There are 2 protein chains.
Amino acid sequence: MAINNNKISIKDVAKLAGVSITTVSRVINNSKHPVSSKTRVEVQKAIKELNFQPNRLAQGLINNKSSIIGVIVHDISDTYFSEMVKGIEEVTFENDYIINIYNTDRDIHKELQAVNMLKANQAEAIVFTGGHLIDDFYDQQIRGYIKQLKQQGCYIISVNPYPYDIRDIDIGNKLATRTITEYLFNKGHENIAYVTGPAISHTTWERFSGYKDALKNKGLIFREEYVISGDFTFEGGRKAALELLNRISDITAVVTANDATALGLMWELKHNGVNIPEDVSVVGIGNIPETKYAYPPLTTIALPLFELGKKIGNCLMSKLLNNKVILEDIDVKIGLIERKSVKNLL
Amino acid sequence: MAINNNKISIKDVAKLAGVSITTVSRVINNSKHPVSSKTRVEVQKAIKELNFQPNRLAQGLINNKSSIIGVIVHDISDTYFSEMVKGIEEVTFENDYIINIYNTDRDIHKELQAVNMLKANQAEAIVFTGGHLIDDFYDQQIRGYIKQLKQQGCYIISVNPYPYDIRDIDIGNKLATRTITEYLFNKGHENIAYVTGPAISHTTWERFSGYKDALKNKGLIFREEYVISGDFTFEGGRKAALELLNRISDITAVVTANDATALGLMWELKHNGVNIPEDVSVVGIGNIPETKYAYPPLTTIALPLFELGKKIGNCLMSKLLNNKVILEDIDVKIGLIERKSVKNLL
DNA sequence: TTGTACGCGTTATCAA
DNA sequence: TTGATAACGCGTACAA
């Protein structure tokens, strides 16, 4: 019979088993402190009968562990993020951690408030899956938070560039765009347009610079008029396509900042009568599942999102469980996925 | 100066402000208990200086509120779920609640364990976004959990059929498939195949029965050989397409259990030289974003996922914040989205 | 208007 | 081998 009429606590178990709460605590936690097998059995019986589970809030309070891992994503509907989240969840789940998701839409205030909540909730770790946001106010605020968070013992990991003193995983943004641009060179393309991401995202600029680097290395001049702005979304890709229509005569290929953009671009282009890759070649970054089944299937750079998520999870657990920081383990291998959206000009 | 060298507690604030922790607590919680404006200012100054935030674990322990809302999804990479999650998060975030996600892949053990963790973590509410799983063991276990959870004061909401004594939102599965099937009748189709979802999901059978009902009402006989099994995924749709190829001569249209299936089906069909809708018509359920840009754009039933998510969020907040159960508010309006994947036979 | 003391459910320290 | 008791950080009845 429960003392409290709704929640079963350690007291109820102790009472039922006829022992002290200390003893109950010992069997719960498999303590090294000896407990006679007879009492142990007695306690276990009581636990089973009452369906008792220790209140993790209380455990967290005394152990200074919340079991909360904050995961900040820019857009959970973008497979880029959901695949990563899936990977993280898969491993943290095994270790009884709580994944606390925040969907920020790259809004600096929401992102900031999310971090603030995570701080109040004593998050043991935070993962910034979407990279840094470029904004002075954000920058200043986030620095303060990170300092306080670290002081609290919170472990912070970021994917994509995050220019603070935290564990930052280089997902190879720059390399990705450079690689795919060079691939286009090898297929004989030289007049290559680029569709960017949103200006507020640091990732946007990293990827953009990879494209420019490739141009430079090849001795080609960078043309401002070949740059069209996007926002990492399918809709953004469509809009970019409309702008591209005017310049289609000069351009033979277009590199997009991410797959969603490429998909939207191709869709709108097609609906305007331009054929891919016959009239213009298109490539993306990410290799999200949809790219495989696009029309035509998209040539892109594979970013192993799900695996990355798992690696982040492992990295988190290693730190949180054993206080060991894994550094070498996270090495993101990007790869070129050659499909049907590029025409060979040679 | 902090007493504890890493975490700032209410004690630190009290000390700095030269008052008792009670007073600090009062200003934090905007208590009705009077506090002189002078001390209030003093305390606020100290709070600001120390960047103090109350530890929500401790608050939760004493208030018996964890601020945790568990959200169980079958596949976070399926837009069907991520859109809903986005909606839920948007409203719960405003009220300082924590969204705790579990991705179960419809695995009964994972689903069960997720519920178990949520129980230990004193979740204030749980949302089953993916509907009931059909399995005797699962069924028996989940009933026990639900009972205990309710005893703990946990509020439970389910989307799609959930045959337990909890708040269940009828998303109109049966109506959806019936409606779309009748739409096909109106376009002159009578030999209509059906691609199911995974057998373990209750949703699968609800949707299936809508198709059968439509047939019955129309006076058409149900043919077992027109049924192909799928699993709610793109890949499952592709496999179904392969099976469909043999029977394509008799069939003029196919209803699929969800959009992902329809998309996969169309893709594979196309790659096997069958044109949609010229050779066969295809329809889906869900109206996930991708359907709009498929080739051809998919005719489907709109399930307002994001809005549903927000409604669930509001429902949750109403109950958790004011202990009011909103019943009428959640009324999911499905709608036929007519696009290009159906041929008019009349 | 302010502060003391207790309790939330748990674990750790110490004594028995 | 077992059990009081303090402590984690906070809110609140009660006292002052």
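Counting the residues of region A:28-42 that are in contact with a helix residue (DSSP H, G or I) (Cβ under 8 Å, 6 or more places away or on another chain) and more than 9 Å from DNA strand D (Cβ to nearest atom) gives 1.
Does A:Ala114 fit the bill of being under 29 Å from B:Asn116 (Cα atoms), within 11 Å of another protein chain (Cβ to nearest Cβ), in contact (Cβ under 8 Å) with a residue 24 or more places away in the chain and assigned to a loop (DSSP other than H, G, I, E, B)? Break it down stepwise before answering.
Working: under 29 Å from B:Asn116 (Cα atoms): yes; within 11 Å of another protein chain (Cβ to nearest Cβ): yes; in contact (Cβ under 8 Å) with a residue 24 or more places away in the chain: yes; assigned to a loop (DSSP other than H, G, I, E, B): no.
Judged against the criteria, A:Ala114 is not a match.
The residue pairs whose first member lies in region A:51-63 and is closer than 20 Å to B:Lys147 by Cβ, whose second member is within 7 Å of DNA strand C (Cβ to nearest atom) and open to solvent by 60 Å² or more (accessible area, probe 1.4 Å), and whose beta carbons are closer than 6 Å, counting only pairs six or more residues apart or on different chains, do not exist in this structure.
Filtered by the rule that a residue be within 12 Å of DNA strand C (Cβ to nearest atom) and either in a helix (DSSP H, G or I) or surrounded by fewer than 16 Cβ atoms within 10 Å (Cβ to Cβ) (or both), region B:47-63 gives B:Leu57, B:Ala58, B:Gln59, B:Gly60, B:Leu61, B:Ile62, B:Asn63.
Evaluated against (1) at the interface with another protein chain (Cβ under 10 Å from one of its Cβ atoms); (2) away from DNA strand D (no atom under 16 Å from the Cβ); (3) touching a Leu at 6+ places or on another chain (Cβ under 8 Å); (4) outside any helix (DSSP H, G or I), A:Ile99 falls short on exactly one condition, (3).
Answer with yes or no whether B:Leu184 is crowded, with 20+ Cβ neighbours inside 10 Å and more than 25 Å from B:Asp213 (Cβ to Cβ). So that I can check it myself, show each step before the final result.
Numbers: crowded, with 20+ Cβ neighbours inside 10 Å: yes; more than 25 Å from B:Asp213 (Cβ to Cβ): no.
No.
Looking across B:Val43, B:Val27, one residue alone is over 39 Å from the mean Cα position of the chain (by Cα), among the hydrophobic types (A, V, I, L, M, F, W, C) and open to solvent by less than 40 Å² (accessible area, probe 1.4 Å). It is B:Val43. Put simply, of A:Ile76, A:Ile10 the only residue that is more than 16 Å from DNA strand C (Cβ to nearest atom), open to solvent by less than 60 Å² (accessible area, probe 1.4 Å) and in contact with a helix residue (DSSP H, G or I) (Cβ under 7 Å, 6 or more places away or on another chain) is A:Ile76. Within region A:188-216, can you find the residues that are over 18 Å from A:Val274 (Cα atoms), open to solvent by 40 Å² or more (accessible area, probe 1.4 Å) and in contact (Cβ under 8 Å) with a residue 12 or more places away in the chain? The answer is A:Glu190, A:Ala199, A:Ile200, A:His202, A:Trp205, A:Glu206, A:Asp213. Kindly list, by first and then second residue, each pair from a residue in region A:289-306 that is facing another protein chain (nearest Cβ under 9 Å) to a residue that is in a loop (DSSP other than H, G, I, E, B), limited to pairs with Cβ atoms under 6 Å and residues at least 6 apart or on different chains. Here the result reads A:Tyr295/B:Tyr295, each pair linking region A:289-306 to a residue that is in a loop (DSSP other than H, G, I, E, B).
Of the conditions (1) open to solvent by less than 20 Å² (accessible area, probe 1.4 Å); (2) more than 13 Å from chain B (Cβ to nearest Cβ); (3) among the small types (Gly, Ala, Ser), A:Gly309 clears all except one; give me its number. Against the list (1) open to solvent by less than 20 Å² (accessible area, probe 1.4 Å); (2) more than 13 Å from chain B (Cβ to nearest Cβ); (3) among the small types (Gly, Ala, Ser), A:Gly309 comes up short only on (2). Taking the residues in region B:13-46 that are within 12 Å of DNA strand C (Cβ to nearest atom), of a type in the set (S, T, N, Q) and outside any helix (DSSP H, G or I) as candidates, determine which candidate is farthest from A:Leu57 (Cα to Cα). So, considering only residues that are within 12 Å of DNA strand C (Cβ to nearest atom), of a type in the set (S, T, N, Q) and outside any helix (DSSP H, G or I), the one farthest from A:Leu57 (Cα to Cα) is B:Ser36.
Note on region A:235-263: residues that are surrounded by 24 or more Cβ atoms within 10 Å (Cβ to Cβ) and within 14 Å of chain B (Cβ to nearest Cβ) amount to 8.
The values are calculated or read from the model by the stated rules, or taken from the named source; none is laboratory data. Just so we're clear, the structure is a prediction, and the values are computed from it rather than from any experiment. Reconstructed Cβ throughout: ideal geometry from the backbone, glycine too, with neighbour counts over all protein chains shown. Side chains included, ligands, DNA and RNA excluded: accessible areas come from the protein's heavy atoms. Shrake-Rupley method; radii C 1.70, N 1.55, O 1.52, S 1.80 Å.
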